[in-house]
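Following: one structure in structure tokens, then a few remarks.
The values are calculated or read from the model by the stated rules, or taken from the named source; none is laboratory data. For clarity, every value in this text was computed on a predicted model and none was experimentally measured. Neighbour counts are summed over all protein chains in view; Cβ atoms, including those assigned to glycine, are modelled from backbone coordinates with ideal geometry. The area values use the complete protein model at the heavy-atom level, side chains included, leaving out ligands, DNA and RNA. Shrake-Rupley method; radii C 1.70, N 1.55, O 1.52, S 1.80 Å.
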Amino acid sequence: MAQLLATTTTTTTPPCGGLLTARASASSPGCFLRALPRSRAMASASGADAAAAAVAPPSLLVFSGGTAFNGVVEELKKVTTRVAHVLPVSDDGGSTAEIVRVLGGPAVGDIRSRCLRLSDESTSEALSVRTLLGHRLPLDPSEAKLEWYQIVEGEHALWDGVSQPYRETIRAFLVYFHNEILRRSAEMFCFTNGSIGNFFFAGARIFFQSLDAAIFLFSRVSQIPAESLVLPVISTNDRLTLGCELWDGTIIRGQNEISHPSNGRKEVVNKDCNSCSALPSRIKRVFYMSSEGSNLLHEVFPEANRTVLEQLSKVDCIVYAMGSLFTSVCPSLVLRGIGETIASRSIPKVLLLNGSHDRETTGLPASGFVTAITDSLNRTYGYPDKSLKNLPKDYVNALLVPKGGQIPLDIKNLSSKGIFHVVTVDSIHDGKTGIIFDPHSLIQALTSLISDRRFVEPDLLTENVESLNK
């Protein structure tokens, strides 16, 4: 049961087109409207829209990385599949790092991870495909290489249960990926802990010379619902490098070095704040830099994916997911057009607060997370002529907080930023990451926020403080 700590909601103007819109098809009333007189057509259209609005599930856009939000994707699918998942393509750790090192291009690991979570599980073959594309090779280099050859040659047991058409499609791109590696004989590829899904994705991207085409193919192979979108925040076929500037002036190059440096060792990623050394200073901002850059002079300004901007302009709710704040969420927020579009919407804009700190956020209270999101969307630091002056409440108007979490909940500071809607949600304890949201309770609380008319109707302006389950 979600518990409302304190809410004071002030809404401005309703979103364009209302909360939900009707979709006409060949058999829907929309095809009959052309034969009706104008007045009857308008009345019928209004009735059709109202009927569709009553039954259509909500649409969301989620900014996240490829790990933390995965745990609630299955629960969210039970409520709605009309979700645009926006992910960064700047990860340079793990299996992704080896692919980028040898073959170049954008990082595909986070996108592959979300695609797998959204994939179909309704048949035995769908499960076999999901198991194959979700498989990781052993940590031992020799064993990893041997198993990879068994897979690419079609002799591994993972192919059991995969029909011939699927087998030929998937294996063709694995073979293409392998050939691309062999063509670069000067670079010895390491298969340690390699993701078969990443290899398939990389093969498709290189073959089509398009990240969007690779996502389309992967989505079809893994049978993702058509209305579920997995979107790279930047649509590119080039390598992207994330940098960060600390408050003491230090510049760190590479997402892996910011969040969980491995000292050059190939190992399983551990983002626990106690697993690596602390940053010398808190993070001021993240930005993109040229692939060979090392300082602020090498900052670059890639364009946001147009499809992301289109989705932002019409969804019913925007979510900033839990996870690595500065390396998973903020890289999607610093691009021009993102802040402008979000600030223009009068809909729920929800921050899912982490249950514990990591290396990037050590010591930050809840209001610090809001400030980081606001500064990223406003592009506060960097080039003044590209910055915005929007208020925190223009970007975040509700917080969902896991019960018993370690992040200090500084209600007064949140209130001073114009954020009064704070909801405590039931949590569970994860052995690896500590306190996390209970998936069912989180989606229940999120659904309740989306249906709260105070976010979208100016006639319902309220200033009331509620406390449930006292």
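K145 falls short on exactly one of the conditions (1) within 24 Å of the chain's Cα centre (by Cα); (2) open to solvent by 30 Å² or more (accessible area, probe 1.4 Å), and that condition is (1). Checking each residue in the stretch 425-450 for being out of contact with any helix residue (DSSP H, G or I) (no Cβ under 9 Å at 6 or more places or on another chain), closer than 26 Å to R359 by Cβ and not in a loop (DSSP other than H, G, I, E, B) picks out H429, G434, I435.
One residue alone among S332, S356, S346 is closer than 21 Å to Q255 by Cβ, surrounded by fewer than 23 Cβ atoms within 10 Å (Cβ to Cβ) and touching a residue at least 24 places away in the same chain (Cβ under 8 Å), and that residue is S356. The residue that is nearest to R82 (Cα to Cα), counting only those in the stretch 203-216 that are aliphatic (A, V, I, L, M) and touching a residue at least 40 places away in the same chain (Cβ under 8 Å), is I215. Residue check: T80 meets all listed conditions (1) over 19 Å from F177 (Cα atoms); (2) at pLDDT 90 or above; (3) crowded, with 22+ Cβ neighbours inside 10 Å; (4) of a type outside the set (A, V, I, L, M, F, W, C) but one, namely (3).
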